[in-house]
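Participant: Here it is, the structure, as C-alpha cells.
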Amino acid sequence: MPPAATSGFVSGGRHAVMIEASTWKRRLLQVADRYRRSFSYLGLSLAALFFAASTTPSLLPRHFVVQGILSGFALALGYALGVSLRFGYDVLQFRRPSVNLQWWLKRGVGLIAAFTIIACWWQMAEWQNSIRVRMQMPPLHSAYPYRMAAIALLTAAALITTWRWILWCVRYLNGYLNHWMPPRVSWTLSAIVVGFLVTLITNDLIVAKLIDAADQFFLNVDRVAIQVESSPTSGGDVESLVDWESIGRQGRLFLSTGPTSDSIQATSPVSNVLQPLRVYVGLRSRPTVEERADLALAELIRVGGFERSNLIVATPTGTGWLDPSAVDTVEHLHHGDTAIVSMQYSYLPSWITILIDPARSTRSAKALFHAIYQHWRNLPKPTRPRLVLQGLSLGSMGSELSADIYTIFEDPIDGAVWSGPPFPSPNWRQVVRNRNPDSPEWLPEYRDGRLLRFANQNQLVPADADWGPMRNVYIQHASDPMVWFSPSMAWKRPDWMKEPRGPDVSPKLRWFPLVTFLQVGFDLPLATSVPLGYGHNYSPSDYIRAWKAVTTPTGWDVKSMQQLEQYFRDRPSPDIL
C-alpha cells in the first residue's frame with residue numbers, strides 16, 4: 001500500500017474513533033440530563049429544607065457521622081413528601097401555574113432552600129454546643145459540615161434510589177396488568193402487590209436478620225464469664241439454689257460488684273452495718289417465667305431476705321442490667337439492712353426490646369411481684385420488711401404494671417422508685433396527661449402529691465407536701481429521649497418543648513413536623529451516651545433524693561448525707577452494658 005494511502009487510513013480510523021467517543025459522550029450526557037430531569041423540583045426543595053431542619057439541636061448531642069445519617073434520612077423523607085404532594089396535585093387535576101410563574105417559583109424556592117442550608121451549616125457547632133454545655137461536656141470547635149453533608153448525600157441517595165426502584169416495579173407491573181384491567185384497578189393492584197412484597201422482604205429478611213444478629217451478639221455478651229469470689233449473699237456460693245452460670249453477665253455483675261459491709265461502714269454514720277442481700281435469677285435459670293419467679297422467692301427465703309427491714313423488688317433493663325446508682329444508694333442509705341431481688345427477662349437493650357416485645361418486662365415483673373407479694377402479705381405485719389418496687393427504663397414500665405391495683409388496695413406495699421419510664425408506659429403516660437395544669441410535662445405535679453411525685457436532677461415536687469400511706473416517685477430527665485419520644489411528635493408539638501423548658505434541654509431546640517420525630521428517634525439508641533445525670537443516665541444523687549422520700553432512712557444528718565453524695569460523685573460511672 002502506498003504511504004499516502006496508509007496515512008489516510010490511519011487518519012480515517014482516528015476520526016471514526018473520535019466520532020464514536022463523541023457519540024458515547026453525548027449519549028451519556030443525554031442520559032444524565034434525563035436522570036436529572038426525572039427528579040421532582042418540589043421534592044428536591046423540600047429535601048433541602050428537611051436537611052437544614054435536621055441539623056438543628058434535639059435532646060442529645062450528635063457525632064457528625066450520626067448527624068450525617070440522620071440528615072440523609074431527612075433528605076429522603078423531604079423528597080418523598082414533595083413527590084407525594086406533586087402526585088396528589090396532579091391526581092386532583094388542579095390547574096398548573098404558567099411557565100413564567102413556575103420559573104419564578106423554582107428560583108425563589110431554590111434561593112430560600114440554599115440560604116437556609118448555608119445558615120444552618122453556619123450554626124451547627126453552636127447548636128450542638130447549646131446541648132453540650134448543659135450536660136457539662138466539652139464544646140465542639142467544628143461540627144464537620146462537609147463530612148456530614150457527604151454522609152447525608154450518600155445515605156439519601158441510597159434511600160431515594162431504593163424508593164425509585166420500588167416505584168419502577170409498580171409501573172412495570174402496572175404496564176403488564178393494564179392489558180387486562182382498567183388503569184385505576186391495575187395501578188391499585190400493582191401498588192398493593194409490590195408493597196406486600198417489599199414489606200415481606202423487609203420484615204422477613206432484612207429486619208429479621210438484623211434482629212437475629214443483635215440477639216446472637218447480646219446473647220454472647222450475656223454469656224461472658226466473670227470470675228468473682230463466692231459469697232453467701234451474692235448467690236455464687238455452693239449452697240445457692242440458682243446456678244451461677246445461668247444468671248448471665250449482668251446478673252453476675254449485680255451479685256458480685258455491690259457494696260460490702262466495710263464499704264458501707266466507711267460512709268455510714270451508724271455502727272450496726274449489715275452486709276446487703278442480693279438475689280438474681282437469670283433467663284436461663286428456669287424454662288418458664290413462673291418457675292423463675294418461684295426460684296427467686298425460694299432463694300430470697302434461703303438467704304434471709306424477708307428478715308431485713310427493706311425489701312426491694314427490682315425489675316432490670318432489657319439487658320438484665322440493674323443500675324448501680326439505684327441499688328447501691330439504697331443499700332448505703334439503710335446501712336446494708338436491705339434485700340434486693342430481681343429477675344432477668346431479656347438480654348437485648350431496652351430500645352430493641354421495646355420494638356420487639358415490650359410486654360416481656362411486664363410478664364416477668366408480674367410473676368416476680370406476685371410470688372414475693374403472696375409470701376410477704378402472709379408475714380406478721382409488725383415484723384415484715386418494707387416492700388418497695390424499683391425499675392429503670394423498660395424495667396420501670398414492667399414494674400409499674402406488676403402490682404394489680406386491687407391487690408395493692410387490699411394490703412398496700414410501701415411504694416416505688418421508677419426512673420426513665422419509657423414512652424409506651426401506660427400508667428406514667430396517664431399520670432402525666434392528667435397532671436396539674438400549672439406544672440410542666442417534664443416535671444409534673446399530680447394532685448396533692450400524697451401518692452405520687454416526680455423528680456429530676458434538681459428537685460422533687462411537691463417537696464413540702466405530706467405523704468399518704470404509699471409513696472411513689474418517678475425520676476425523669478427533660479433530656480431523656482426514652483421518656484419523650486412519641487409518634488405524635490411527627491404532627492404535633494409536644495408539651496415538654498413549651499416554655500419553661502427543662503434545665504438540660506437546649507433553648508435553641510425547635511419543633512418541625514416529621515423532622516423532630518426523626519431527630520428524637522435517632523436519639524433513642526444514643527440515650528446513654530451522655531454523662532451521668534442527663535439523657536437516660538440517672539445519677540446517684542437522683543436516686544438518693546427519691547429513696548429518701550420513699551423509704552425514709554434513719555441516722556443521717558446533713559453533713560453525713562453530703563459526704564455520702566460526694567462519695568458517689570467521686571466513684572467511676574457504672575458500666576451500662
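Participant: Go from 0 up to the bin containing the longest alpha carbon distance in the stretch 330-482, width 10 Å each, and give me the % of pairs per bin.
Facilitator: 10, 38, 37, 15, 1
Participant: Can you compute the equivalent ellipsoid semi-axes for the stretch 477-561, i.e. the square root of 5 times each eigenvalue of the Cα gyration tensor, sorted largest first and rounded to whole Å? Don't skip to the end; give the middle numbers.
Facilitator: Values: eigenvalues 212, 34, 25 Å².
Ellipsoid semi-axes (Å, largest first): 33, 13, 11.
Participant: For the stretch 467-504 and the stretch 440-463, what is the separation of their C-alpha centers, rounded to whole Å?
Facilitator: Going from one Cα centre to the other spans 11 Å.
Participant: Using only Cα atoms, figure out Rg for the stretch 356-401 and give it as a multiple of 2.2 N^0.38 Å. Intermediate results must be reported in sequence, preceding the final value.
Facilitator: On the way: Rg = 12.5 Å, N = 46, 2.2 N^0.38 = 9.4 Å.
With N residues counted in the stretch 356-401, Rg over 2.2 N^0.38 Å equals 1.33.
Participant: Please list, in chain and number order, the residues 5+ apart from GLY533 or on another chain whose amide H is under 5 Å from its amide H, with Hs placed from the backbone.
Facilitator: TYR538, SER539
Participant: Given 10 Å bins starting at zero, what is the percent of C-alpha pairs of the stretch 278-399 in each, up to the one with the largest pair distance?
Facilitator: 14, 47, 32, 7, 0
Participant: Could you tell me which residue out of PRO349, LEU389, TYR373 lies farthest along the dipole of the stretch 334-420 toward its positive end? Charges go on the beta carbon: Lys and Arg +1, Asp and Glu -1, centred on the Cα centre.
Facilitator: Final value for the positive-end residue is TYR373.
Participant: Highest first, please rank the peptides 544-555, 497-508, 272-283 by the mean number of other Cβ atoms sitting within 10 Å of their residues.
Facilitator: On the way: 544-555: 19.6, 497-508: 15.9, 272-283: 23.6.
Taking the mean over residues of other Cβ atoms within 10 Å, the ranking is 272-283, 544-555, 497-508.
Participant: Within 10 Å, count the other beta carbons around each residue, average over each peptide in 315-327, 482-494, and list them highest first.
Facilitator: Details: 315-327: 26.4, 482-494: 17.1.
Descending mean neighbour count gives 315-327, 482-494.
Participant: Per the Kirkwood treatment, what hydrodynamic radius in Å, one decimal, follows for the stretch 512-577 from the mean inverse distance over all distinct Cα pairs? Walk me through the numbers on the way to the answer.
Facilitator: On the way: mean 1/r = 0.0694 Å⁻¹.
Value: 14.4 Å, from the Cα pair sum.
Participant: Across the Cα atoms of the stretch 421-577, what radius of gyration and what greatest pairwise Cα-Cα distance (Dmax) are found, in Å?
Facilitator: For the stretch 421-577, the Cα-based Rg and Dmax read 16.6, 53 Å.
Participant: Name the long-range amide H neighbours of GLY318: under 5 Å, sequence gap of 5 or more, or other chain; modelled H, no Pro or chain starts.
Facilitator: Here the answer is SER350, LEU394, GLY395, since their amide H atoms fall under 5 Å of that of GLY318.
Participant: Report, by chain and number, residues whose modeled amide H sits under 5 Å from the one on ILE340, excluding near sequence neighbours (fewer than 5 apart, same chain).
Facilitator: HN-HN under 5 Å from ILE340: LEU277, ARG278, VAL279, ILE312.
Every number here is computed from the coordinates shown, using simple stated rules; none is lab data. Note that this is a predicted model, so its numbers are computed, not measured. We place every Cβ from the backbone using ideal geometry, glycine too, and count neighbours over all the protein chains shown.
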